[in-house]
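Note sheet for the following structure.
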Amino acid sequence: MTEQIQTPPAPEAGRVAGRDGDPLLQVTDLVRHFPVTRGVVFRRKVGAVQAVDGINLSVTRGQTLGLVGESGCGKTTTGRLLVRLDEPTSGQIVIDGHDVTHLRQGQMRPLRREIQMIFQDPYSSLNPRQTVGGIVGAPFRLQNVKVPGGVRRNVQELLELVGLNPEHYNRYPHEFSGGQRQRIGIARTLALRPKLIVADEPVSALDVSIQAQVINLLEDLQDELGLTYVVIAHDLSVVRHISDQVAVMYLGKIVELADREKLYAKPRHPYTVALLSAVPVPEPLSSPTGQRERRQRIRLEGDVPSPLLPPPACRFHTRCWKAQEICRTIEPPLTELIPGHQVACHFPENTPQVSASSPESAPQPA
Amino acid sequence: MAPLLEVEDLRIHFRTDDGLVRAVDGISFGLERGRTLGIVGESGSGKSVTSMGIMGLHQGTKAEITGHIRLDGEDLVTATPNRVRELRGSKMAMIFQDPLSSMHPYYTVGDQIIEAYRVHNKVSKQVARKHAVDLLGRVGIPTPQTRVDDYPHQFSGGMRQRAMIAMALSCDPELLIADEPTTALDVTVQAQILDLISTLQSEFGSAVIIITHDLGVVAELSDDILVMYAGRVAEYGSAADIFGRPDHPYTWGLLSSMPRMDRAKTARLVPIPGTPPSLIRVPSGCPFHPRCRYTEVVGGRRCETEVPPLREAVTPGHAAACHLTTEQRTRQWADLSAATIPDNDKAPEAEEQAGEPEAREPV
């Protein structure tokens with residue numbers, strides 16, 4: 001295990017023969033609280049934003065985990081913790097057998113070859129004063145990797161891999177469109193042949209037609225290079241398209257975690273049900289009279305509560321139409337209802353005794 | 001009855017140092033009271049420029065506007081700036097994408113609604129305030145009596161958008177333009193806002209133009225849809241036509257490049273190759289030809305040299321600007337949907353499209 005890290009990975013070497021099936025990434029009880037302080041000289045801690053509050057995840061080699069939730073649910077913080085751009089308050093992150101939870105920057109550096117990140121905004125994540133060659137070649141420079149054939153040739157190969165013209169080596173980011181910039185970012189991410197890529201909203205800044213190009217590229221690269229992805233996105237249809245497993249987050253906690261098919265076909269947590277039913281469907285409904293109809297949906301009222309003072313017990317109870325006394329007093333643990341489907345809810349939907357409770361039959365929240 | 005809004009051969013060009021930007025290049029459409037028109041297209045297709053043109057927001061800029069925009073018979077292109085200002089806010093109103101940057105951070109939400117109302121109505125502050133509280137209540141803001149004195153930053157994103165809508169509705173406009181009203185919002189809040197817009201529309205009876213890149217949002221709200229590409233209309237028709245029997249390869253591209261929640265997962269998305277063109281150097285002939293997969297079906301160099309006119313094919317009111325013949329379109333779209341819709345989902349789809357020619361086996 002350790003030798004893998006010390007030998008600089010030759011970019012041509014391809015994927016280290018991985019044991020398919022065992023987890024590449026294992027996260028246990030991960031917590032990140034941002035302290036809120038008062039006072040200038042004597043800083044007192046007056047509270048904490050519970051951005052991530054005890055999550056457990058594991059991602060199998062070569063698979064994709066999708067992380068969805070509304071803004072403020074902690075999905076981006078989770079992503080930043082995974083690549084160790086942020087220090088966890090507690091918990092454990094194990095990547096490929098290495099505990100990276102509290103490694104210092106210097107200790108982390110050799111591991112950075114294995115874990116890379118794709119950022120949301122292709123405009124702010126590329127240095128405008130560097131050429132494409134400089135940007136994509138930076139990982140080799142920073143990691144002191146000597147590559148056979150030279151950096152330039154490797155960078156050009158990478159550009160070709162992501163569908164860019166290798167002759168654009170000397171151009172600057174502003175000469176490219178949004179989709180092309182995202183490809184440059186992906187080329188940089190791939191430079192050191194990482195095993196795990198955390199992609200934070202990789203396509204949300206792009207137009208629909210370009211989105212599809214980048215999604216297809218990510219899928220092709222996964223097949224070709226055996227990559228493992230954690231994809232963070234708010235777009236449920238994108239997540240459904242690329243993920244093998246999906247975790248739904250709400251206020252710093254995972255409320256549901258399941259295989260894609262299971263989650264989208266039979267969501268069990270009321271929040272997931274509401275989230276899925278809120279997605280607009282590009283298929284107009286019209287009644288026989290020609291009048292337009294609106295789909296029956298579960299409408300969640302109000303907004304996500306503040307993570308500074310999250311509701312006690314089940315965090316969703318303030319917006320849940322099924323909430324009862326127990327939801328306000330006892331926190332539902334994330335349990336495996338059926339194999340491969342974990343839910344944190346006292347009254348899960350779509351359970352065998354309730355026959356396929358669809359959004360239509362669910363009562364509207366008051 | 002004449003439509004409330006008539007846009008005829010509208011062109012909005014900007015003269016820049018790099019050349020003439022043809023942001024909007026000859027578009028025409030009409031909109032009746034109580035109807036909703038969805039305008040879709042990628043960034044840079046001219047949808048926002050069109051809506052700003054209707055609102056008269058290009059005044060004082062370098063924009064060169066020709067053509068006609070008739071609101072209730074009155075031409076806004078030739079109207080004086082003062083007249084347009086009178087109409088703006090009272091007869092037509094707009095909801096912007098980002099409510100945080102389109103509200104003044106220095107004034108309370110109430111003050112901003114009161115101001116908009118008093119500009120167009122001679123009423124006392126008290127009356128206007130009562131009206132503001134009333135409106136905030138109608139758009140679903142809890143305890144409007146107290147929230148009216150809050151500043152925009154004290155509102156959440158969804159509530160700010162509600163306040164924006166309240167402001168736009170303060171003078172009971174006949175035309176409401178919503179430019180990407182839910183793009184900055186989460187799905188659950190988006191659903192709330194879309195609901196609100198459609199409820200208020202039936203209540204106020206206004207005509208609504210909704211501009212978005214999200215085909216789901218458009219399908220949810222619109223009666224008619226205008227697909228824009230490079231400042232021109234690629235396709236125009238009822239929502240059922242555009243989604244059920246789209247006629248333009250660009251619309252096909254948009255539909256097939258989206259991951260769909262309502263269908264079984266497809267193995268692969270079919271993206272539109274390339275990127276949208278620069279509006280300074282719009283491609284010759286059909287502006288979509290460099291990205292179109294069907295130029296060879298048309299044959300020759302027709303797509304490169306000849307601008308396809310927007311013409312109705314089968315259904316009246318459903319027009320596309322494409323050289324493909326009706327038979328070719330039906331055939332190509334059937335092939336494409338057969339490839340993108342997995343087998344288990346195809347059956348009900350085929351029933352809907354009666355008279356579909358023999359669909360070839362997907363590759």
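Condition (residue is on the phi < 0 side of the Ramachandran plot and touching a Pro at 6+ places or on another chain (Cβ under 7 Å)) applied to region B:54-63: is it met by at least one residue?
Residues of region B:54-63 on the phi < 0 side of the Ramachandran plot: B:54-55, B:57-59, B:61-63.
The next check asks that each one be touching a Pro at 6+ places or on another chain (Cβ under 7 Å); those that pass are B:59.
Looking for residues that are on the phi < 0 side of the Ramachandran plot and touching a Pro at 6+ places or on another chain (Cβ under 7 Å), one finds at least one in region B:54-63, hence yes.
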Of the listed residues (B:Arg88, B:Arg70), the one being surrounded by 19 or more Cβ atoms within 10 Å (Cβ to Cβ) and under 20 Å from the mean Cα position of the chain (by Cα) is B:Arg88
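Within region B:215-274, take every residue that is facing chain A (nearest Cβ under 10 Å) and among the hydroxyl-bearing types (Ser, Thr, Tyr) and give me the one that is nearest to the chain's Cα centre (by Cα).
Per the criteria, the residue is B:Ser222.
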- request: Say whether the condition of being within 21 Å of the chain's Cα centre (by Cα), in contact (Cβ under 8 Å) with a residue 60 or more places away in the chain, buried (at least 22 other Cβ atoms within 10 Å of the Cβ) and assigned by TED's automatic domain parsing to the domain that holds A:Gly79 is met by at least one residue in region A:210-227.
  value: yes
Wholly inside region B:79-197, helices (runs of 4 or more DSSP H) that include 3 or more residues that are away from every other protein chain (no Cβ under 14 Å) and closer than 30 Å to A:Ala205 by Cβ are B:157-168
Restricted to region A:190-239 and to residues being assigned to a loop (DSSP other than H, G, I, E, B) and more than 21 Å from B:Gly216 (Cβ to Cβ), the residue farthest from the other protein chains (Cβ to nearest Cβ) is A:Leu192
Restricted to region A:271-288 and to residues being in contact (Cβ under 8 Å) with a residue 24 or more places away in the chain and aliphatic (A, V, I, L, M), the residue farthest from the other protein chains (Cβ to nearest Cβ) is A:Val273
Subset of region B:198-214, residues more than 9 Å from every other protein chain (Cβ to nearest Cβ) and either closer than 17 Å to B:Ser43 by Cα or under 17 Å from the mean Cα position of the chain (by Cα) (or both), comes to B:Gln201, B:Ser206, B:Ala207, B:Val208, B:Ile209, B:Ile210, B:Ile211, B:Thr212
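Per-residue answers, yes or no, for (1) assigned by TED's automatic domain parsing to the domain that holds A:Gln211; (2) over 17 Å from B:Pro273 (Cβ atoms); (3) touching a Leu at 6+ places or on another chain (Cβ under 9 Å):
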{"site": "A:Val147", "(1), (2), (3)": "no, yes, no"}
{"site": "A:Val151", "(1), (2), (3)": "no, yes, no"}
{"site": "A:Leu158", "(1), (2), (3)": "no, yes, yes"}
{"site": "A:Pro166", "(1), (2), (3)": "no, yes, yes"}
{"site": "A:Phe176", "(1), (2), (3)": "no, no, yes"}
{"site": "A:Gln182", "(1), (2), (3)": "no, no, yes"}
Going through region A:243-270 in order, the residues found to be within 11 Å of another protein chain (Cβ to nearest Cβ) and under 11 Å from the mean Cα position of the chain (by Cα) are A:Ser243
Checked region B:304-338 for anything outside any loop (DSSP other than H, G, I, E, B) and of a type in the set (A, V, I, L, M, F, W, C); matches are B:Leu310, B:Ala319, B:Ala320, B:Ala321, B:Trp333, B:Ala334, B:Leu336, B:Ala338
Quick count over region A:52-87, residues being of a type outside the set (Val, Ile, Thr), farther than 22 Å from A:Val343 by Cβ and outside any loop (DSSP other than H, G, I, E, B), is 4
Flagged in region B:275-311 as under 21 Å from the mean Cα position of the chain (by Cα) and within 14 Å of chain A (Cβ to nearest Cβ), in numbering order, are B:Thr275, B:Pro276, B:Pro277, B:Ser278, B:Leu279, B:Phe288
Output yes when any residue across region B:86-102 is at pLDDT below 90 and of a type in the set (A, V, I, L, M, F, W, C), and no when none is. yes
Somewhere in region A:109-116, is a residue surrounded by fewer than 14 Cβ atoms within 10 Å (Cβ to Cβ) and under 24 Å from the mean Cα position of the chain (by Cα)? yes
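The values are calculated or read from the model by the stated rules, or taken from the named source; none is laboratory data. In this text, all values refer to a predicted model and were calculated from it rather than measured experimentally. Ideal geometry is used to build each Cβ from the backbone, glycine not excepted, and the neighbour counts take in all protein chains shown.
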